[in-house]
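Quick notes on the structure that follows.
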Amino acid sequence: AVVGAGIGGSAVAYFLQQHFGPQVQLDVFEKGHVGGRLATVTVNKQQYESGGASIHSLNLHMQDFVKVLGLKHRREVAGKSAIFSGEHFVLEETDWYLLNLFRLWWHYGISFLRLQMWVEEVMEKFMRIYKYQAYGYAFSSLEELLRSLGGEAFVNMTQRSVAESLLEVGVTQRFVDDVIAAVLRSSCGQSVLVPAFAGAMSLAGAQGSTWAVEGGNKLVCSGLLKLTKANVIPARVTGVSLHSSEGRALYQVHYEDGEGQGSGFYDMVVLTAPLHPSKSNFTFQNFEPPITDFPGAFQPSVTSVVHGYLNSSYFGFPDPKLFPFASILTTDTPNLFFNAMDNICPVNISSAFRRKQPQEAAVWRVLSQQPLDKQQLKTLFRSYYSVQVTEWQAYPHYDAAKSLPPIVLHDNLFYLSGVEWVASSMEMVAVAAKNVALLAYNRWYQDLEKIDQKDLMHKVKTEL
């Protein structure tokens, strides 16, 4: 049984079938829409991303899924971005790459180079996971996984803030306040106090080239479930109880659907929905020692998709024709009520498509922590036709003091969502899904050589 049909649930179903073979029977429970936080809204008969919108070019599992499913990358439509302080733009992108570099250097010295080197070093080590997974190695805890990639330094990066780590490598406070804060507000709705590892992943997404799936990112989830011929059960799972049969654990999954309550027995269960008191009233029965709720809360984040005319004079451009930006990030200023906004393109882009001019009615996605009130919408837009609001519990509310949640809850009962406390992105969840599938497979067949191996870089080199 797989609980949840977002990217975690659909990816783990696909990987479990890859390893256990086509005879594995998969039931996937989903109380809402397949895709979870990958979702779209419709404006004027066109669909727009309202959830996870961009995928980093180094995301090898996501690249793979798109290939296997015969999906396409959506055509990119270029647009400039800027960082707004509530009163003026602190940094503006131009069409000239060299001029952008010069501006960064002029404002912030070599801080941006130091940032780049720091992010690249983290990403280079993180990319080792693909090699380990290709050789079938798995990890029974998030700490072990991090240690295998970057030693204790990576584990420590979940315990200290990104601001602290960057100041240590010589990035200036001003650069942290202006640029790093703006990127983190737009990517995870939080401040520079998020843990360094989660921060590095968000910053990598802001630096590298990103892409999206033609037709919507949620097509990856529905495609993977179709490919694995998983049995999708529209129901809300309420708990798991432990039974045993012939000395082997057997799990009873309890659920509620349109017809009332039901349950089913499984050899193996993967939970991909967050197990936090704020998110679930999920019960575990007959487990010894008992499985308890994990500490920590989720950060509310609100996506408003607005079809309307931008109020460019709020940003210091009385003539809307002269407004040059397609996306606006914001600094951490008390009076700013939104984290970021961008002029978005539909999920299907024809070759004739062009981005709307600033004086035309366009579709904007506004990210904020609270739903926007009428006055705030009036501040950002001269007038608007429609507003569609989606409230997500999208990211863990990072607090550096917490320990990381476990992956293994019981013999063949696994928890996938804990990875979001390391970093939250489609790819992190896909990496965790592959890890859980390998871990389940290696434990089932008692191939303990493949779990929590030390010095994997050396091992993998010798296997090559």
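Structure above, values below:
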quantity	calculated
Qualifying strands (runs of 3 or more DSSP E) (wholly inside segment 184-289; at least 1 residues being over 26 Å from Leu16 (Cα atoms) and touching a strand residue (DSSP E or B) at 6+ places or on another chain (Cβ under 9 Å))	260-266
Complete set of residues in segment 282-325 that are among the small types (Gly, Ala, Ser) and either modelled with pLDDT of 95 or more or open to solvent by less than 10 Å² (accessible area, probe 1.4 Å) (or both)	Ser304, Gly308, Ser312, Ser313, Gly316
Criterion: within 20 Å of Gly418 (Cα to Cα), more than 23 Å from the chain's Cα centre (by Cα) and open to solvent by less than 50 Å² (accessible area, probe 1.4 Å) - qualifying residue of Gly239, Gly170	Gly239
Pick from segment 145-167, criterion open to solvent by 40 Å² or more (accessible area, probe 1.4 Å) and not small (Gly, Ala, Ser), ranking: farthest from Tyr108 (Cα to Cα)	Arg147
Single condition Tyr255 does not satisfy, out of (1) touching a Gly at 6+ places or on another chain (Cβ under 7 Å); (2) open to solvent by less than 30 Å² (accessible area, probe 1.4 Å)	(2)
Tabulated pairs, segment 124-145, first within 21 Å of Ser417 (Cβ to Cβ) and in contact (Cβ under 8 Å) with a residue 12 or more places away in the chain, second aliphatic (A, V, I, L, M) and part of a loop (DSSP other than H, G, I, E, B), C-beta under 7 angstrom, 6+ apart or interchain	Ser140/Ile407; Ser141/Ile407; Leu142/Leu404; Leu142/Ile407; Leu142/Val422; Glu143/Leu404
Residues within segment 274-315 that are out of contact with any Leu (no Cβ under 9 Å at 6 or more places or on another chain), over 16 Å from Phe381 (Cβ atoms) and touching a residue at least 12 places away in the same chain (Cβ under 8 Å), tallied	13
Failed item in (1) in a helix (DSSP H, G or I); (2) of a type in the set (S, T, N, Q); (3) over 23 Å from Leu413 (Cα atoms), with Gln159 passing the rest	(1)
Filter pass, Leu115 being closer than 22 Å to Gln173 by Cβ, part of a helix (DSSP H, G or I), at pLDDT 90 or above and open to solvent by less than 80 Å² (accessible area, probe 1.4 Å)	yes
Residues within segment 376-434 that are small (Gly, Ala, Ser) and either open to solvent by 30 Å² or more (accessible area, probe 1.4 Å) or in a loop (DSSP other than H, G, I, E, B) (or both), tallied	8
Residue within segment 346-354 that is open to solvent by 10 Å² or more (accessible area, probe 1.4 Å), touching a helix residue (DSSP H, G or I) at 6+ places or on another chain (Cβ under 6 Å) and either in a strand (DSSP E or B) or closer than 22 Å to Thr40 by Cβ (or both) present	no
Extreme residue, nearest to Phe126 (Cα to Cα), among residues of segment 173-208 that are among the β-branched types (Val, Ile, Thr) and either open to solvent by 30 Å² or more (accessible area, probe 1.4 Å) or touching a residue at least 40 places away in the same chain (Cβ under 8 Å) (or both)	Val194
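For (1) part of a helix (DSSP H, G or I); (2) in the same structural domain as Tyr266 (by the TED database); (3) in contact (Cβ under 8 Å) with a residue 40 or more places away in the chain, each residue gets a yes or a no:
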position: Val12; (1), (2), (3): yes, yes, yes
position: Gln25; (1), (2), (3): no, yes, yes
position: Gly51; (1), (2), (3): no, no, yes
position: Leu58; (1), (2), (3): no, no, yes
position: Thr94; (1), (2), (3): no, no, no
position: Leu101; (1), (2), (3): yes, no, no
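The values are calculated or read from the model by the stated rules, or taken from the named source; none is laboratory data. Every value quoted in this text rests on a predicted model; they were computed, and no experiment measured them. Every residue, glycine among them, receives a Cβ derived from its backbone with ideal geometry; neighbour counts consider all protein chains shown. Ligands, DNA and RNA are excluded from the accessible area calculation, which covers all protein heavy atoms including side chains. Shrake-Rupley method; radii C 1.70, N 1.55, O 1.52, S 1.80 Å.
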